[in-house]
Amino acid sequence: MVMAQRQRGRTPAKARLTAQDWADAALVAIGEGGLAAVAVEPLAVRLGTTKGSFYWHFANRDALIEAALERWAEVHTEGIISEVEQEPDIRRRIRLLFAEAVSAASADPLEVTLLATASHPRVAAALRRVTERRVEYVAGLFATLGFPAPEARRRGLLAYTVYLGHAQLGHAAPSVLPGEDEFGPYLDEALDVLMAR
């Protein structure tokens with residue numbers, strides 16, 4: 001087929017970009033430089049396309065930011081929840097959740113960058129939705145362990161604040177956190193405290 005296209009002087013058509021491709025690129029840009037880094041022309045260059053592709057999918061930059069924030073919630077919240085739900089043992093599920101979340105936050109500055117721009121109305125709304133969903137999910141895990149609903153909610157909130165603190169430290173002062181070989185015991189001890197009766 002390639003040979004036939006060359007014979008006719010054509011090159012294979014480039015795959016069309018989707019709105020998700022643009023949202024993913026915007027998330028990378030936010031992680032690298034905050035909301036100010038979400039600019040159509042640099043993203044088009046990064047994606048190897050033109051601004052026309054952007055306007056095919058989005059009315060304006062705000063619509064792209066909204067789509068990127070929805071994508072963040074989908075991948076970094078619902079995606080992780082779906083992954084850990086495969087683990088049938090509740091204690092292992094909690095450990096897997098925190099190992100996955102902490103690892104993702106350590107590897108990618110996106111979460112910390114979004115927290116730093118929480119005064120932006122769209123970011124604030126997305127952070128509120130994602131935080132409520134995450135705390136609700138973790139509280140449900142503690143309820144499954146047998147904690148009464150109010151206590152499960154408090155423990156879920158406490159666990160989430162531990163995660164956020166760890167994520168912030170991982171980017172601001174990583175040297176104060178345990179190294180890779182110490183992380184497992186550190187995580188186990190933190191979770192033992194959170195799950196203790």
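The values are calculated or read from the model by the stated rules, or taken from the named source; none is laboratory data. Small disclaimer: the values here were computed from a predicted structure and weren't measured. Here Cβ is always computed from backbone atoms with ideal geometry, including for glycine, and neighbour counts include all displayed protein chains. With ligands, DNA and RNA removed, areas are computed over all heavy atoms of the protein, side chains included. Shrake-Rupley method; radii C 1.70, N 1.55, O 1.52, S 1.80 Å.
Residues in region 96-153 that are under 15 Å from residue 75 (Cα atoms) and among the aliphatic types (A, V, I, L, M): 11 in all.
Could you go through region 76-99 and let me know if any residue there is part of a helix (DSSP H, G or I) and under 12 Å from residue 23 (Cβ atoms). Taking every residue of region 76-99 in turn, none turns out to be part of a helix (DSSP H, G or I) and under 12 Å from residue 23 (Cβ atoms). In region 52-79, the residue that is nearest to the chain's Cα centre (by Cα) out of those that are of a type outside the set (Phe, Trp, Tyr), farther than 21 Å from residue 167 by Cβ and surrounded by fewer than 19 Cβ atoms within 10 Å (Cβ to Cβ) is 66.
The sole residue among 143, 124 that is open to solvent by 20 Å² or more (accessible area, probe 1.4 Å) and more than 28 Å from residue 67 (Cα to Cα) is 143. Considering only residues that are among the acidic types (Asp, Glu) and over 24 Å from residue 111 (Cα atoms), which ones fall in region 139-180? Scanning region 139-180 gives a single hit, 151. Listed here are the helices (runs of 4 or more DSSP H) enclosed by region 106-197 that have at least 3 residues being of a type in the set (Asp, Glu): 180-195. Residues in region 51-62 that are in contact with a helix residue (DSSP H, G or I) (Cβ under 6 Å, 6 or more places away or on another chain) and either among the β-branched types (Val, Ile, Thr) or not in a loop (DSSP other than H, G, I, E, B) (or both): 51, 54, 57. So, of the residues in region 80-105 that are modelled with pLDDT of 95 or more and of a type in the set (S, T, N, Q), which turns out to be farthest from the chain's Cα centre (by Cα)? Ranking the qualifying residues of region 80-105, first place goes to 86. Residues of region 29-51 that are free of Cβ contacts under 8 Å to residues at least 12 places away in the same chain, open to solvent by 70 Å² or more (accessible area, probe 1.4 Å) and within 17 Å of residue 109 (Cβ to Cβ): 36 alone. Can you confirm whether residue 83 is in contact (Cβ under 8 Å) with a residue 12 or more places away in the chain, loosely packed, with under 14 Cβ neighbours inside 10 Å and under 30 Å from residue 26 (Cβ atoms)? Yes, satisfied.
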